Amino acid sequence: MPLADANLRTRIDGRRARLEDELTGSVIPFWMKHAPDREHGGWFNCLDRDGTVWDTRKHIWLQGRAVWMLSKLHAELEPRAEFQVQAKSGAEFLRDHCRRPDRRVWFCTTREGRPVQLQRKIFSECFHVMAMAQYGRVFGETWAEKEAREVFGWVLEAINDPRLAGRPREEGEPPSKGLAVPMIVLNLIQELDGGFHGPHAAEARACAAEARRFLRRERKVVLETIAADGSDLDSPEGRLLNPGHAIEMGWFLLDYARATGDEAAAKDALDAIEWSLDRGWDQVHGGLYYFLDEKGLSPAQLEWPMKLWWPHCEALVACAKAFEHTRDRAWFERWVRVADWTFARFPDAAHGEWFGYLDRQGAVSQRFKGGPYKGFFHVPRALLLAARALGAVLEPRSFAAPETVKKT
């Protein structure tokens, strides 16, 4: 049912409009102006505050994220020729230069596409899958969808046998599991199958169940690493909390729960978001910590008290989706707290886009807008998805994937 409270509707609509204005007036123009490599294809991802390219190397998981984002914007914001042109440029750069014959994907290449670095992780491959799945579906490019499924096959194999990614388990290393794996595979399945009822429905159920094993309800925390049998690990890794990651997992799980009608999973998703916001929020300076130790010890990560762009982006999405799902005003007020802190510090009014790295007090630590880990992804995704979720509170929608825009 549409929301009846007129004052609340006005507040929500104003916030939704602010998100859309930031997306279309600041973030998209910055990247469309400065990032395209019109000579060699793909995007520059290392951009200084004013858009100057400070490193021409291309980090491939960010190339994949950009292709996904451009395709998503074309399908769900508005069809634009520039989105399609740049998505095509990026997808073809990935196809021609970034995938190896063994289905592995480079982490970094030169501007021209010559290999620079291969990681002992699965995440370059994961974002290659996301890119090709979304690009292929939106623009009707069957070769890209085929590419996505082939590389996804390698991802599943490497999860079961980490040696394929160059990470054999050493003798003294305790058997463990990380939250990143089930949550990203759950998200990949949503992208690859266009939902959770396709060919990988069984794998999606397994990933959702696995992600929920990282919740500790009696302690109201979401752990980042657990033992292989699901128990706690007595180590710094076992005590590590990553609030932004847990919040992101929460909204991935909420998407799954809403699509499948799994009410127990929806409750776990909402609890994971709420606990992580409560535990992760800096009560002195505001904002979300990057890392915490569950027992209050010093995290080994020296950057633990910094405030990064992406956890705040995930919180914007998660709280908006939680509000859409529950219609509980408390979720909107949580969203407002995150949004007020975020919009007061991250956006750059002078040059557009957002800073990525702040110190604990909220002052800018690094001035660049794009680097090896920050690209055209978290900020535009958060602005788009949060705006859609808030808009859906005003005008309820079916929780189904929007129609794709096929190639003409």
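Quick note: the coordinates plus some simple rules give every number you see, no bench work behind them. What you see is a predicted model, and the numbers here were worked out from it, not measured in a lab. Every residue, glycine among them, receives a Cβ derived from its backbone with ideal geometry; neighbour counts consider all protein chains shown.
Listed values, structure above:
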{"item": "At most 11 other Cβ within 10 Å, DSSP loop - trypsin sites (Lys or Arg not before Pro), region 255-315", "result": "K295"}
{"item": "Span-rule helices in the chain, defined as complete DSSP H runs reaching 20 Å or more along the axis (Cα) with Kyte mean at least 1.0", "result": "378-394"}
{"item": "Trypsin sites (Lys or Arg not before Pro) restricted to region 1-61 and DSSP loop, no more than 12 other C-beta within 10 Å", "result": "R38"}
{"item": "Ranking of M249, M183 by count of other Cβ atoms within 10 Å, fewest first", "result": "M183, M249"}
{"item": "Amide H within-cut-off set for D55, under 5 Å, with H built and near neighbours excluded", "result": "C46"}
{"item": "Exposed-loop-free span, longest in the chain, where GluC sites (Glu not before Pro) count as exposed if DSSP calls them loop and at most 15 other C-beta atoms lie within 10 Å", "result": "304-402"}
{"item": "Rg ratio (alpha-carbon, reference 2.2 N^0.38 Å) - the chain", "result": "0.94"}
{"item": "Value of [θ]222 nm, deg cm²/dmol, for the chain, DSSP H segments ≥ 4, -39500 (n - 2.57) each, nearest 500", "result": "-16500 deg cm²/dmol"}
{"item": "Over region 178-401: Kirkwood hydrodynamic radius from C-alpha pairwise inverse distances, Å", "result": "17.9 Å"}
{"item": "Per-bin percent of Cα-Cα distances, region 233-356 [10 Å]", "result": "13, 41, 32, 13, 1"}
{"item": "Under-5 Å amide H pairs with W43, H placed in peptide plane, nonlocal only", "result": "D37"}
{"item": "Directionally averaged projected area (convex hull, Cα atoms, region 35-168), nm²", "result": "8.3 nm²"}
{"item": "Coil-residue trypsin sites (Lys or Arg not before Pro) of region 142-225, DSSP, other Cβ within 10 Å capped at 16", "result": "R169, R213, R217, R219, K220"}
{"item": "Neighbour-count order for D193, D96, fewest beta carbons within 10 angstrom listed first", "result": "D96, D193"}
